[in-house]
Each structure stands twice: as C-alpha cells, then as structure tokens.
C-alpha cells in the first residue's frame, strides 16, 4: 500500500508570541504585555473524521496575530487564535456510533466564553471607522446570526454546523469591515499598516507548555497600544494578575484541570475537549 503524503504540509516552526521578558533575570518588560497586530481574520473549515460532526466541513474562526517589532532585528512571531464549533454530544464509552448529550451547562458555558473572547477582541477596535456596534444590529440580524444552539435544541449535526457557520462568517465580516459597506476596511488596519495593540499572552492553563490568550476575558487581555512623547505607555486595562503564569512549565495532567468544568469529569468528555483544543 502506498504512503499518501500531505501536499499541504508545513514543516517550518513559527516562533510564538510570548511575554516580554528579560531572558536572564525573568523580569517582565513593558509589564510583560507584548505589542502585536492582527493581520487577518477568516473562517476556515475542516472535515471531521470522527465525533459528532464526522464527515462534515466544520467552521473555525481564525484570528492571525503577528508581533509588532520594537527593534528592527526582532524575529517574526505569530499567534493563531482559533475558535471552534462547540460540540453538544460525545461518544458513549466503548461505542463508535452511539452518542450521549453533554451537560447543558457545560455547552452553554463554552459557547458564552467563546463569544466573550471574540467580542472582547472585536470591541478593542471600537475606534476604527468600520467598527459596527453589535448593540445596534437589527432584530433580524440578531435572530439570524446570534442564535447559537444549546443542547435542548436537539438539532442535527448539520444544523449545528450551519448555525456556527453563519455566526463565524458574520463575525469575520465585522472584523473585515464588510458590515460598514463596500468601502469598509478591516477594523484592525490603519491605512496600509495595522493598528498596534497590547495583547496579554499567558502559559496555557491546562499544561502550561505554550503561550496563548487567557481562556476567560476577566478584566481584559487586549487593548490599543498608546504612545506619549514618542514613548510606549504601560497598558491601561490589561495587566499582570497574581494567578497569571508568564513562564512555561513542565505541565500537569489534564484531568486535574477538568475538575474546574462542571459535568466534565468523564474520560469521554476529556477526550472531546482535547479534540476541541479546550
């Protein structure tokens, strides 16, 4: 049997965006909050090979972030923020075809947390000419795009995917200025360049072996970078909290963190959340 090679495979490793830190003393620089730019926002579909959405092209919202270099010789750094379609079911233990519904509260919490992160990033660009306040959307728009399913809806997998596809495409259009009309420009662009932002990245809360944005918005993790007298100012809202981890660790068992999620103690649910990068 022939070995099928992936013609889309990317083998280079991109440097990640990380907290600004003195490598020797571990002291944070500029409060540890790096300077970044959002370079693109898009919806990408992936065909699922297992689980609730097996065989379907499932949408993900991708927000590509690049570092703003404070020095010309700084290397390029990247962060891809991915928001996935929330599941409502998990395979029953020992079965490949039978599913059981997840806890309704877990599904609702995951959906609301996803939206809070997306909305927080979007609202950080409130100053942009193409920014559209979601509070001023029509009832028709809200009903069509902001009506995500919960467990009790008992929708088919195809119907759930359709709802999330509409929502993520609407969000991408908002970021890309399309809600403001044909002449709208992406809210993250400043003419031919990009708005400089401050973005808090922390060690991923489960294992702590890579940097990402916080899972919960809290007091906020992104804001516009401000210059005064040609000097960058400390962040106004985004700051280091005692529980934030700015140093990577050896990690810990994922089962330990799942205790924080109500109804997420089973091995099946743990496996599902792993597949969802949650």
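The values are calculated or read from the model by the stated rules, or taken from the named source; none is laboratory data. Keep in mind the model is a prediction, meaning the values are calculated, not measured. Here the Cβ is made from the backbone with ideal geometry for all residues, glycine too, and neighbour counts use every protein chain on show.
Some notes on this structure:
- If the condition is being in contact (Cβ under 8 Å) with a residue 24 or more places away in the chain and either within 13 Å of the chain's Cα centre (by Cα) or within 12 Å of residue 117 (Cβ to Cβ) (or both), then the range 201-236 contributes 201, 211, 212, 213, 214, 215, 216, 217, 220, 221, 222.
- Cross-chain or 6+ apart pairs with Cβ under 7 Å, the range 112-124 first and within 19 Å of residue 40 (Cβ to Cβ), then part of a helix (DSSP H, G or I): 118/171; 122/174; 122/175
- Every test in (1) under 30 Å from residue 247 (Cβ atoms); (2) part of a loop (DSSP other than H, G, I, E, B); (3) modelled with pLDDT under 90 is passed by residue 75 save one, and that test is (3).
- Residue match in the range 170-181 (condition: outside any helix (DSSP H, G or I), more than 20 Å from residue 119 (Cβ to Cβ), out of contact with any strand residue (DSSP E or B) (no Cβ under 6 Å at 6 or more places or on another chain) and modelled with pLDDT under 90): yes
- Residue tally, condition surrounded by 15 or more Cβ atoms within 10 Å (Cβ to Cβ), without any contact (Cβ under 8 Å) to a residue 40 or more places away in the chain and not in a loop (DSSP other than H, G, I, E, B), over the range 135-159: 1
- Residue within the range 94-106 that is in contact with a strand residue (DSSP E or B) (Cβ under 9 Å, 6 or more places away or on another chain), crowded, with 19+ Cβ neighbours inside 10 Å and at pLDDT 95 or above present: no
- Matching residues in the range 45-60 - criterion: being assigned to a strand (DSSP E or B) and either touching a helix residue (DSSP H, G or I) at 6+ places or on another chain (Cβ under 9 Å) or crowded, with 17+ Cβ neighbours inside 10 Å (or both): 45, 57, 58, 59, 60
- Residue 83 vs. criteria surrounded by fewer than 17 Cβ atoms within 10 Å (Cβ to Cβ) and either modelled with pLDDT under 95 or not in a helix (DSSP H, G or I) (or both): no
- Checking the range 49-58 against the condition returns no match, with no residue being within 22 Å of residue 188 (Cα to Cα), at pLDDT 85 or above and touching a strand residue (DSSP E or B) at 6+ places or on another chain (Cβ under 6 Å).
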